[in-house]
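Let me begin by presenting the structure, written as structure tokens, before commenting on it.
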Amino acid sequence: MKIFLSIALILLSLFAKAQFGQGENVMLLNGPCELKPYQNKLKPDFSLDARRTLFQKKWVGVMGIKAGVEYRRIHRLGIGVYFLNTRVFDRDFNFDIAADKVEYEFRYSTIYYERVLFFNRKWEVGSTLHLGGGNIRVFYQNPENSNERLQLKPVEFSTVELSAYGEYDILFWLGVGAGMGYRQVLGVNADLRKEFSSPIFVVNLQLKLIKLARSFYDEDVKYEY
């Protein structure tokens, strides 16, 4: 897992470096865009990244946090941490245990690269690539003690996730967004790969707290985008 994440970080860093030119213009879907001085520099990037994902044809909740940096307004690179926040049970499994159902806990971390494809004062459209991995923890009820929950050895996995999104700024320091994508889980047996590889629906909350704090002593910050 550590090797995979290290390779992913190197590849994303090289890719991002290749994209980071030093000119005043960047390329968007509607053509070249000249950056304003405040856009053409490094900034922090932070967001709450809640999403819904399919499990056995039912939508379940996954909560996440993304933190990284934004460069030249259209490039974002950082780390995401995600965990299942809905209880998930499975009665059709291949574990050799004396139980009729198991419960899964699912968590993973990623390195993400986000490319903004269009933006203006209120709207933003882009795509995000996640590379990472985590583990699936498997629990079942002790057949000799119904009040005791036993745990199997965690199942390690790798994941690749690609999504497209749109965001709208409600206030200069608060934005909301939504998107669709797909998560592919690798390195596990066919049953778990089928269960946890899934379409995703993303709901994103942008809390620009640093921008809000700056606005108290610089009114012009309110007009940056």
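Summary table below
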{"quantity": "log₁₀ of I(q)/I(0) at q = 0.16, 0.19, 0.24, 0.30 Å⁻¹ - the stretch 85-129, Debye sum with one point per alpha carbon", "calculated": "-0.67, -0.74, -0.89, -1.06"}
{"quantity": "Anchor K211: lysines whose Cα lies under 21 Å away (excluding residues fewer than 8 positions away in-chain)", "calculated": "K36, K41, K43, K66, K122, K222"}
{"quantity": "Sulfur and carbon atoms: percent of accessible area, the chain [1.4 Å]", "calculated": "61 percent"}
{"quantity": "Cα long-axis angle, helix 2-19 against the chain (0 to 90 degrees, to the nearest 10)", "calculated": "20 degrees"}
{"quantity": "Pairs of Cα atoms farther than 25 Å apart, the chain, %", "calculated": "48 percent"}
{"quantity": "Dipole of the chain, positive direction: furthest Cα of A67, Y104, F157, with charges on the beta-carbon", "calculated": "A67"}
{"quantity": "Dipole magnitude of the chain about its Cα centre (Cβ charges: Lys, Arg +1; Asp, Glu -1), debye to nearest 20", "calculated": "320 debye"}
{"quantity": "Spin-label pair N94/K41, simplified geometry with 7 Å Cα→Cβ offset, distance in nm", "calculated": "5.5 nm"}
{"quantity": "Whole-angstrom gap from the stretch 181-200 to the stretch 66-98, using each part's C-alpha centre", "calculated": "12 Å"}
{"quantity": "With all protein chains modelled, accessible area of M180 [1.4 Å, Å²]", "calculated": "110 Å²"}
{"quantity": "Point-to-point label distance, I79-L209, nm (Cα→Cβ direction, 7 Å offset)", "calculated": "1.8 nm"}
{"quantity": "GNM flexibility winner over the chain from N147, N135, N30 (Cα, springs under 10 Å)", "calculated": "N147"}
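The values are calculated or read from the model by the stated rules, or taken from the named source; none is laboratory data. All values reported here derive from a predicted model rather than from experimental measurement. Don't worry about glycine lacking a Cβ; one is built from the backbone with ideal geometry, like all the others, and counts go over all protein chains shown. When the accessible area is computed, the model is the full protein with side chains, heavy atoms only, and any ligands, DNA or RNA have been set aside. Shrake-Rupley method; radii C 1.70, N 1.55, O 1.52, S 1.80 Å.
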